[in-house]
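Everything on this sheet refers to the single structure shown next.
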Amino acid sequence: MRRPIIAGNWKLNLTITESKQLAQQLVNHLADVADRDIVIAPVFTALTSVAEIIEKSPIQLAGQNCYPQTTGAFTGEVSPKLLRDSGCHYVILGHSERRQLLGETDSFINQKLLKTLEADLKPILCIGETLQEREDQQMQEILSRQIKGGLTNLTEEQMGDVIIAYEPIWAIGTGKTATTEQAQQAHAFIRNLVLELFSPGVAAETRILYGGSVKPDNVDGLMGEEDIDGALVGGASLKAEDFSRIVRFKK
C-alpha cells in the first residue's frame with residue numbers, strides 16, 4: 001500500500017510573516033494527521049522560519065527548486081545541501097513553470113534530481129503536457145520523454161525516494177481539472193513507464209501525485225483512483241482551510 005502524500009506549492013507568494021502565519025494555521029488544523037505525508041513548499045526566504053513552526057508537527061518542508069551543484073560561483077542559486085540545512089526533506093523539480101518560463105531541459109532536471117538524492121532529499125519530479133500537445137495526441141510521447149530524461153542514471157534504490165507529479169499544464173491555475181478518468185489514465189501510463197525502466201516492485205511502490213487545480217471539491221474523486229497517490233496543490237495550498245480539507249481527503 002502506497003502512503004498518500006499531499007504537497008502544497010506556495011510558488012512566489014507570501015512574505016516571511018505571512019508564511020509563518022499560514023504554517024501555524026496548518027499546524028493547528030493538521031496536528032492529528034498520521035496516515036499520510038504532508039509537505040509544504042514556501043519561498044526560499046521563509047524556509048527556516050517555517051521549519052521552526054512545523055518542527056514538531058506531521059508537516060514537512062520542501063524547496064521549490066534547486067541548483068545541481070553543492071557550492072561554487074553560482075550567484076543567486078540554492079543547492080540541495082543548503083535546502084537540507086534549512087530543514088527541507090523534499091524538493092520540487094521540473095515544474096512546468098520552470099520548464100516553460102526558464103527553459104529547463106530534461107537533462108538539467110536530471111542533474112538536479114541526482115544532486116537532490118545525494119543531499120538526502122526526496123525529489124518531486126513534475127511532468128506534464130500542454131493543451132496543444134494533448135490535442136495533437138502527443139501526451140504519451142511527452143510524458144515518456146520527461147520520465148526517461150528525468151530518471152536517467154538512477155538506481156532502483158534511489159527510485160525509492162523519488163516522487164512523480166503529473167501536472168497537465170492546461171490544468172495548472174486555469175480552474176480546469178482533468179477528469180478522474182483522464183488523470184487515472186495518465187497515472188497508469190506513467191506507472192508503466194517506470195515499470196519499463198525499473199522493476200515491478202519499484203513501479204508498484206512509486207508514488208505518483210496529480211496536480212492541476214486540485215481543490216476541496218474534487219480531491220476525493222481523484223484520490224479514489226487506483227494509481228493516484230496524492231496531490232501537488234497550487235492555489236488552494238495558500239488557504240489553510242482548503243489545504244487542510246485536501247489533506248483530509250476521503251476515498
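A short reminder: the numbers here are calculations on the coordinates, not readings from a lab. Fair warning: this is a prediction, and the values are worked out from it, not measured in the lab. Positions of Cβ are generated from backbone atoms using ideal geometry, with glycine treated the same way; all protein chains shown enter the neighbour counts.
Taking the fewest neighbouring Cβ atoms within 10 Å as the starting point, the ordered list for SER237, SER199 is SER199, SER237. Ranked from largest, the principal axis spans of the Cα set of segment 5-247 equal 45, 45, 34 Å. If the segment from LEU101 to GLN69 were pulled out straight at 0.36 nm per residue, it would be longer than the present Cα-Cα gap by 9.4 nm. Here the simple spin-label model places points 7 Å from the Cα toward Cβ, and for GLU157 and ASP35 these points are separated by 3.3 nm. Name the shape class, rounded, prolate or oblate, that the alpha-carbon gyration tensor gives for segment 1-69, where a ≥ b ≥ c are the square roots of its eigenvalues, rounded holds for a/c under 1.5, and otherwise prolate holds if a/b is larger than b/c and oblate otherwise. Because a/c hits 1.5 or more and a/b fails to exceed b/c, segment 1-69 counts as oblate.
Taking a straight line from the alpha carbon of LYS176, these aspartates and glutamates sit under 12 Å away, with near neighbours fewer than eight places off in the same chain left out: GLU167. If the segment from LYS148 to LYS251 were pulled out straight at 0.36 nm per residue, it would be longer than the present Cα-Cα gap by 34.0 nm. With a threshold of 18 Å on the Cα-Cα distance, the over-threshold entries among LYS11/LYS215; LYS20/LYS56; LYS56/LYS251; LYS81/LYS115; LYS122/LYS251 are LYS56/LYS251; LYS122/LYS251. Computed extension length for THR17-THR48: 10.0 nm, one decimal, from 0.36 nm per residue of separation with the Cα-Cα distance subtracted. As a proxy for reagent exposure, TYR90, TYR210, TYR166 were ordered by neighbouring Cβ count within 10 angstrom, fewest first; the result is TYR90, TYR166, TYR210. For the chain, a simple Cβ point-charge model (Lys and Arg +1, Asp and Glu -1, everything else neutral) yields a dipole of about 440 debye relative to the Cα centre.
Summary value for segment 1-158: 17 percent relative contact order, contacts being C-alpha pairs under 8 angstrom separated by 6+ residues.
Among ASP37, ASP106, ASP229, a tally of other beta-carbon atoms within 10 Å of each Cβ gives an order, fewest to most, of ASP106, ASP37, ASP229.
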